[in-house]
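Step one of this worksheet: look at the structure below.
The values are calculated or read from the model by the stated rules, or taken from the named source; none is laboratory data. These numbers were taken from a predicted model, which means no experiment stands behind them. Positions of Cβ are backbone-derived with ideal geometry, glycine not excepted, and every protein chain shown enters the neighbour counts.
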Amino acid sequence: MAKLGATKHLKRLAAPPSWPIKRKAHVFTVKPSPGPHPISSSLPLLILVRDILGFADTAMEAKKIIKKGRVKVDGVVRRDHRFPVGLMDVVELADTSCYRIFIDRKRCLFPYSISEKEAGFKVCKIVKKNILKGGVFAYSFHDGRVLRPPAEINLPLYGSVKLEIPNSKVLEHLPLSPGVSVMITGGSKAGLFGKVKNLGDGSTPISRRLLEIESENVSVFIPMSLVMVIGGEKPWISLPSL
C-alpha cells in the first residue's frame, strides 16, 4: 500500500543541526508544521518554549501555554505548537518578554531578548522579485511573506527591508552595497556581524558573487546568498554578543 503523504514524526537524531536539543535524551521530538520557514532553518514553538526558554517542563505544559494564545510570532497569536519559527522572527511570550531569533557561530537558532519597542518591527531579506500584470512588482522575503508595496518603492534583490509587524508596512529599505551592516546567515562564518567592504566581481552570477566583509578586524569572503543586510552605518536592531 502506498504511503499517504510525508511522515508526521521526527527522531531527535534526524533533527536539523540548527536545533539546540539533546539528541540522545529521548527517541522522538516535535516535527514543525508546513509554514513560513523550511524545517532546516526553523524551530517548532514547543521546542522554543520548553527546551530553550524553559517556560515549561513538559510538552503538555508547553502546549497549554501555546493553546491559550500566550505566544505571538511577528505580532500574530499562534496556537499551533508545531508552528515553525525562523531567523529574525519576533516572539512575544505572555506580553512579558520579547525575543528575536538569531543564528550563532555553531549555526544553531537561539532567542535574544529585546525591548518592546524593537518587537514592533523585523528585518526581512528580499530573495525573489517578480513582475506581475500591469508592471507591478511582487517581492518574496526569506520568511515566506510576499508583498506588493507602492510603485514608488523599488526594492533591490538581496537587499533588506524593515517591516512593521503585524501589518507588514515598509518602514525602511536598504540595498546590499558597500558600507551597510550585515549578518552572515550560513556557512562556516555563520553568526558573524560586519560591514560590506567590496561587492566583488560583477561578471559572476549574483547569487554566487563573493562579497568582502569586514568582521572583527578581519576580512572574509562570503557568497551574496548567505548575507543579510541588517542596517546602514548602524544596525536597525540590537545585536547579541557571540
Could you identify the single residue in V146, V180, V170 that is modelled with pLDDT of 90 or more and crowded, with 18+ Cβ neighbours inside 10 Å? V180
If the Cβ limit is 8 Å and pairs must be 6+ apart or interchain, which residue in segment 99-127 that is surrounded by fewer than 20 Cβ atoms within 10 Å (Cβ to Cβ) pairs with which residue that is in a strand (DSSP E or B) and of a type in the set (S, T, Y)? Y112/Y99; S113/S97; S113/Y99; I114/Y99; V127/S140
Restricting segment 80-95 to residues that are charged (D, E, K, R) and over 14 Å from I47 (Cα atoms), the one surrounded by the most Cβ atoms within 10 Å (Cβ to Cβ) turns out to be D89
Selection within segment 126-140 - among the small types (G, A, S) and closer than 22 Å to L87 by Cα: A138, S140
Given (1) closer than 25 Å to I39 by Cβ; (2) in contact with a helix residue (DSSP H, G or I) (Cβ under 8 Å, 6 or more places away or on another chain), E164 misses just (1)
Filtering strands (runs of 3 or more DSSP E) wholly in segment 159-198 for at least 3 residues that are under 19 Å from V127 (Cα atoms) gives 160-164, 169-174, 181-184
Taking segment 128-143 as the region of interest, how many residues are surrounded by fewer than 16 Cβ atoms within 10 Å (Cβ to Cβ) and in contact with a Ser or Thr (Cβ under 9 Å, 6 or more places away or on another chain)? 3
Selection status of E92, free of Cβ contacts under 8 Å to residues at least 24 places away in the same chain and in contact with a Cys (Cβ under 9 Å, 6 or more places away or on another chain): no
Any chance K31 is within 16 Å of D95 (Cα to Cα) and free of Cβ contacts under 8 Å to residues at least 60 places away in the same chain: no
